[in-house]
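Colleague: One structure follows; several queries about it will come next.
The values are calculated or read from the model by the stated rules, or taken from the named source; none is laboratory data. The model shown is predicted, which means the values in this text are computed figures rather than measured ones. Methodologically, a virtual Cβ is constructed for each residue, glycine included, from the backbone with ideal geometry; neighbour enumeration extends over all protein chains shown. Accessible surface areas use protein heavy atoms only, side chains included; no ligands, DNA or RNA. Shrake-Rupley method; radii C 1.70, N 1.55, O 1.52, S 1.80 Å.
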Amino acid sequence: MVIHPTAASYLAEVGSAGRSTVASALVQREAGRIALRRIDVRDTSHGAFGHELAHVVLADRFTREPLPRWVDEGIAILADSADKQRRHARDFAEALSNRAEFRLVELVAMEDYPPAGRWGAFYGQSASLVSFLVQQAGEQQFLDFVAAALESGYQQGLRETYDMSIAQLERRWRTHAQRNSTGEPQFATSRRVGESAVALD
């Protein structure tokens, strides 16, 4: 981990895309193993270290390929401060009220981040979906689902671990999300998902 004394030092390491961030994680894979782990921090007062550490820990659990964006960011948000989680919850509540959320088949198929105008919906919805699945049967089963989905696809992974289809998950999650769209975090705020990722070695 590198704590940078200046914004210029931070941006020199992470690039111009880091202007809107206060911390960044870098993980490099080689031949199915993690070859490099690095966290750069520009401002320690924002409490972003836990979020970035979650990315690094998850990479050690899933070494063969990068995690889907919604899983990686959804879990990392659960390691954020309560205040940051509230901001994501408010963004997601706003997206729901404006019908600007993603369909689940769209969210889970994303290979990269959405356009900047939809970041609020993406981050909040990712955390909401991860939390919902964790609440169904715990952290271990959620991580089992992620592994199965990476191996066999979402439809098969859901059948194996939660005995439901993507369409059923969409209905159940959406009912839960709309019932709880108060702008307050309904996320599973314990950090046990990331801790479970380490324990699975």
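Colleague: Quantify, in whole percent, the carbon and sulfur part of the accessible surface of segment 68-153 (1.4 Å probe; protein heavy atoms only).
Modeller: C and S atoms contribute 45 percent here.
Colleague: Same structure again: Let me know the Rg and Dmax you get for segment 40-87 when you use only its Cα atoms, in Å.
Modeller: Expressed in Å, the Cα Rg and Dmax of segment 40-87 come to 11.4, 33.
Colleague: Further question on the same structure: In whole Hz and in residue order, list the ³J(HN,Hα) couplings for segment 31-42 that follow from phi through the Karplus curve 6.51 cos²θ - 1.76 cosθ + 1.60, θ = phi - 60°; x for Gly and Pro.
Modeller: Each residue of segment 31-42 in turn: 6, x, 9, 8, 9, 8, 10, 8, 10, 9, 10, 8 Hz.
Colleague: Can you give the calculated 222 nm mean residue ellipticity of the chain, where each DSSP H run of n ≥ 4 adds -39,500 (n - 2.57) and the sum is split over every residue, rounded to the nearest 500 deg cm²/dmol?
Modeller: Roughly -17500 deg cm²/dmol at 222 nm, from the helical runs in the chain.
Colleague: Another question about this same structure. State, as an integer percentage, the relative contact order of the chain based on alpha-carbon contacts under 8 Å between residues 6 or more apart. Present the calculation step by step, with values, prior to reporting the outcome.
Modeller: On the way: 284 pairs, mean separation 43.7, N = 201.
Across the chain, relative contact order equals 22 percent.
Colleague: Sticking with this one: I'd like the FRET efficiency for Ser165 and Arg29, computed as 1/(1 + (r/R0)^6) with the beta carbon distance as r and R0 of 25 Å, rounded to 0.05.
Modeller: Computed FRET efficiency for Ser165 and Arg29: 0.20.
Colleague: Run the Debye formula on the Cα coordinates of segment 1-40, all scatterers equal and no solvent, and tell me log10 I(q)/I(0) at q = 0.16, 0.21, 0.29, 0.31 1/Å.
Modeller: Here log10 of I(q) over I(0) equals -0.43, -0.64, -0.95, -1.03.
Colleague: Taking the DSSP beta bridges in segment 1-97 as the whole, what percent of them are antiparallel, to the nearest 5?
Modeller: Values: 8 of 10 bridges.
Bridges in segment 1-97 that DSSP calls antiparallel: roughly 80 percent.
Colleague: Within the P(r) computed for the chain, what percentage of the Cα pairs occupies the region above 25 Å?
Modeller: The answer is 36 percent, as a whole percent.
Colleague: Something else now. Please tell me the relative contact order of segment 18-71 in percent, rounded to the nearest whole number, where contacts are Cα pairs under 8 Å and at least six residues apart. The partial results should precede the final answer.
Modeller: Numbers: 65 pairs, mean separation 19.2, N = 54.
Value for segment 18-71: 36 percent.
Colleague: For segment 107-117, take each phi angle, set θ = phi - 60°, evaluate the Karplus expression 6.51 cos²θ - 1.76 cosθ + 1.60, and give the result in whole Hz per residue in order, putting x for glycine and proline.
Modeller: 4, 6, 8, 5, 9, 9, 6, x, x, 3, x
Colleague: Shifting gears a bit: To the nearest Å, what is the center-to-center distance of segment 23-44 and segment 59-84, using C-alpha atoms only?
Modeller: 13
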